[in-house]
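Worksheet for the structure shown next.
None of the figures in this text is laboratory data; all of them are computed from the coordinates on show. What you are looking at is a predicted structure, and each value in this text was computed from that prediction instead of being measured. Because the Cβ atoms are built from the backbone with ideal geometry, glycine has one as well, and the counts that use them run over all protein chains shown.
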């Protein structure tokens with residue numbers, strides 16, 4: 001099958017495949033930022049004591065080992081191994097984690113929906 005292809009044809013096919021793979025990777029890495037305020041989210045994370053359970057970059061004293069480290073949270077594919085990591089899903093998880101996985105170790109946060117959006121906006125910046 002390949003014997004009938006010229007070197008130029010093979011080269012063009014390879015370049016096309018590489019180009020498609022690069023475009024797909026760029027699209028996969030693109031996610032719109034949440035509409036919340038990352039700076040307010042950082043303040044809420046510190047005030048609510050999220051760092052007592054999680055390691056969270058940029059938050060003083062956030063070195064907890066109970067929950068998963070939130071390092072590079074904005075680059076992760078899933079939240080809790082279950083939800084696709086989108087700003088909307090992250091805000092929903094932060095707002096009410098028990099809704100998605102009843103009995104999981106993350107307690108109700110007591111955040112308003114607006115606060116959860118701000119926290120998600122901060123976590124989305126962790127890349």
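Quick look at the values:
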quantity: Cα centroid separation - segment 75-90 against segment 51-72, whole Å; calculated: 17
quantity: Convex hull volume per residue in cubic angstrom - Cα atoms of segment 33-124; calculated: 82
quantity: 11 Å reach of a label modelled at residue 101, 7 Å along Cα-to-Cβ, counting backbone N of segment 37-68; calculated: 67-68
quantity: In nm, spacing of pseudo-spin labels at residue 66 and residue 125 (7 Å Cα→C-beta vector); calculated: 2.5
quantity: FRET efficiency, residue 113 to residue 39 (Cβ-Cβ, R0 25 Å, nearest 0.05); calculated: 0.85
